Structures are given as structure tokens and as C-alpha cells.
């Protein structure tokens, strides 16, 4: 395993992870001549039935991809074959949403037709294609060991997207100056380090299985782009954070630590790995001290400074990237501080947040959709929140050091409440 336990052979038992609500959002349907599974997008308090996104649809590749990754990871950690089956059904939906040219549509409507025109659904090289590739890549990595012929199909699906990555990378090495910041034009949306980081997760899995030199070059180019958008080194403000896009950092979707850790490891590139350690080691403790703001905007005139901080809303999707990314860092560097950081950040789900309210309930498997202010929580529990919470908490529970941090916090909390 080369020092990384992403597919550890030890079977894990989970006490806090509960798939009940995610399984409630999961539905198998007949679609485009195939039997597939979808994840219903919204679920609202108090009944928590299925709710569609008005004008967009009932389910999307974004959530199916997230859920596929989580079920695949659960199978890796626990050996649960039902999770493996569910992941495969979701991968079948994702594959059915891929057009012949390799790009993906995102949403389906209630009548199971594809939303081809919507702003959050049209076929494009963006978020849903990035997440589709992530899920297919993780699927390739897992099914390579259990069903090679299916893995081969997933490999071919990923390959169909390469022509679009080649076109995007024609922008290399062009750099734009946006509000005084250097922004690489060869990232998704010509500046989106966040979306590109999730694309890289799928490409890393592809590289692990195939050793493709073409994909190695993609990873090197994208890693270079992400690193250009890193601000501050070590103890120097703003502490090694990776901008999400343009001059803005936000928590959600910022999977740079995980993408760069895995890329640095598999490409044997110490500089790439070191850049991930900067953000994890310095920026995330700083973000923790700021009480996990949603977004930080920067300006650069005579000096680099924060021009705006948006505190809310705070969501599970902002917590998962640093938690899982820090755990991947721990597995490669064996530095305990990263596993401890992951465990500390995960206490957010259990009440260590500005609202002082648990956001995840292990009895139901629901994660609330966000903290709206220090006094108000969005009690809905949609797909994104549920999946991102399960992913983060499952990874923490699978790591002894991180798990101890959560257990200590929960014990202390119960003592105070007694």
C-alpha cells in the first residue's frame, strides 16, 4: 500500500456512522434502458420525505457521485457487499448521464428525463463532470480488485473525457491577473481550484490503477495550477491556504489537501506533498480559531489582506475536505498532528460549532443542512449534507487517533450536560 491505508485490509466497525438516512434517499429506477440508482436531492424537516429541486430535478450526478465514493469507501473499510452493490448501481446512473463525447449532464426530472438545458445541469466540463470522474476513478480502483471487466468499462468511460482535458490544458501556462492575484487559466472554469481538486481525485485513482503517463501529466499540470493559488507559507499570513477560485477562499469543495497529498504521494513529488502540509498545518487551525467562516475574500494592493469574511452558512461540505484530506496526510507522513486535527475538526458535527448544536445524529444518520447563524440551524437534511457528513465521520472513525479526539469530546459533552 506504499504507506497509505486508503484500502486497508483491516475490517472496521463503525459506531457513529449510520447509513439509514442516505439509504432512504437512495432509490433504484429504470433509466435509459438500464437499472440504476439515484440519490434524491432534498429532504425537509420534519417528515424528511423526498423533495425535488424546483426547476432542476429530483436527482443529480453531483450527489450520485458523492454517494458512490462513500459506499465504495465503506466497502473498502468494512467489506460490506451491500455498499459495493449500491455503489455500482450509482455508477450505472453516472455512466448513463455521460454523453458520447465524454461530458456529463447533471439532473434528471421526476419523469426520469435528462435536464439538458438547465444552468446547473447542461453538459459541460465543470463540477458534475469533475465529480463523475472522481466516482468513476474510485470505482475503477475498487472494482479492479473485485470485477476486472467492470473496472475496464469504468476506465473507458474516464478515457472519453481526456479530449476535453487536453483542450483545457491548451491554456497552459497562461496566467491571468485577477484583482492582483495570479490565476492559472488551465483549471476548470479557468480559475476553479476547488472543482479541479475533485477532478484530480478521480485522476489519481486512474493513475494508481493504470500508471498512465498522460494522466501523470494532467496531475502535474493541475497540481501546479493549485499551488500557484496558494497564499502565505507556514506561519506567514494567510497560512498556506489554497484559493478556491479568483480571489476567494471558501470551505465547500476545497479538496486541495486530499488531491495534492495523493498526487504528491503517487507521483513521488515532495514539493506537491509539502504544499498540502502547509494548508493543513497552518491554515486549518487558523480557520478553526475563526470559528469556521464560510468564505474569505482577499485583496492585494500594497499588501495582502482580507477584504471580507462571510461567517454563514456553515455546512458539512466545508468540513469534509479538511477532515479527510488531513487523514490522507497522516497516512503518508505518519505525523500524528494531522490525524488529531481531523478528529478536532470532526467535533463540529457533534456540537463544537458556533451554534453549540450537534449537526449530525448517529441515531438517524441525518446531518442538518447548515448553521445559518449562531442561533439558527437549517433542520433539513438533504443528500449533500448527509453524504459529506458520513464520509468525514467514517474516515475519522477508521483512524484510531482521530476517533479518540471525537470520543473525548462526546464524553466531555455528556459529562457537562449531566
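Can you name every one of the helices (runs of 4 or more DSSP H) wholly within region 81-196 that holds 3 or more residues which are modelled with pLDDT of 95 or more and under 21 Å from residue 252 (Cβ atoms)?
Passing ranges, in order: 127-146.
Have a look at 130, 151 and point out the one that is under 17 Å from residue 81 (Cβ atoms) and in contact with a helix residue (DSSP H, G or I) (Cβ under 7 Å, 6 or more places away or on another chain).
151
Yes/no matrix, rows are residues, columns are (1) surrounded by fewer than 18 Cβ atoms within 10 Å (Cβ to Cβ); (2) in contact (Cβ under 8 Å) with a residue 60 or more places away in the chain; (3) over 27 Å from residue 327 (Cβ atoms):
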{"site": "22", "(1), (2), (3)": "no, yes, no"}
{"site": "43", "(1), (2), (3)": "no, yes, yes"}
{"site": "52", "(1), (2), (3)": "yes, no, yes"}
{"site": "62", "(1), (2), (3)": "no, yes, no"}
{"site": "98", "(1), (2), (3)": "no, yes, yes"}
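So residue 55 fits all but one of (1) in contact with a strand residue (DSSP E or B) (Cβ under 7 Å, 6 or more places away or on another chain); (2) at positive phi; what number is the exception?
If we test residue 55 against (1) in contact with a strand residue (DSSP E or B) (Cβ under 7 Å, 6 or more places away or on another chain); (2) at positive phi, just (1) comes out false.
Going by the structure shown, is residue 406 over 20 Å from residue 20 (Cβ atoms), in contact with a helix residue (DSSP H, G or I) (Cβ under 9 Å, 6 or more places away or on another chain) and either surrounded by fewer than 20 Cβ atoms within 10 Å (Cβ to Cβ) or in contact (Cβ under 8 Å) with a residue 40 or more places away in the chain (or both)?
For residue 406, the condition - over 20 Å from residue 20 (Cβ atoms), in contact with a helix residue (DSSP H, G or I) (Cβ under 9 Å, 6 or more places away or on another chain) and either surrounded by fewer than 20 Cβ atoms within 10 Å (Cβ to Cβ) or in contact (Cβ under 8 Å) with a residue 40 or more places away in the chain (or both) - is not met.
Could you count how many residues in region 19-51 are in a loop (DSSP other than H, G, I, E, B) and touching a helix residue (DSSP H, G or I) at 6+ places or on another chain (Cβ under 8 Å)?
Residues in region 19-51 being in a loop (DSSP other than H, G, I, E, B) and touching a helix residue (DSSP H, G or I) at 6+ places or on another chain (Cβ under 8 Å): 4 in total.
Output the number of the condition that residue 202 fails; it satisfies all remaining conditions of (1) closer than 26 Å to residue 286 by Cα; (2) touching a residue at least 40 places away in the same chain (Cβ under 8 Å).
Unmet condition: (1).
Quick one: in region 279-307, which of the residues that are more than 21 Å from residue 193 (Cβ to Cβ) and part of a loop (DSSP other than H, G, I, E, B) is nearest to the chain's Cα centre (by Cα)?
291
The values are calculated or read from the model by the stated rules, or taken from the named source; none is laboratory data. From a predicted model like this one, the values you see are computed outputs, not experimental measurements. Because the Cβ atoms are built from the backbone with ideal geometry, glycine has one as well, and the counts that use them run over all protein chains shown.
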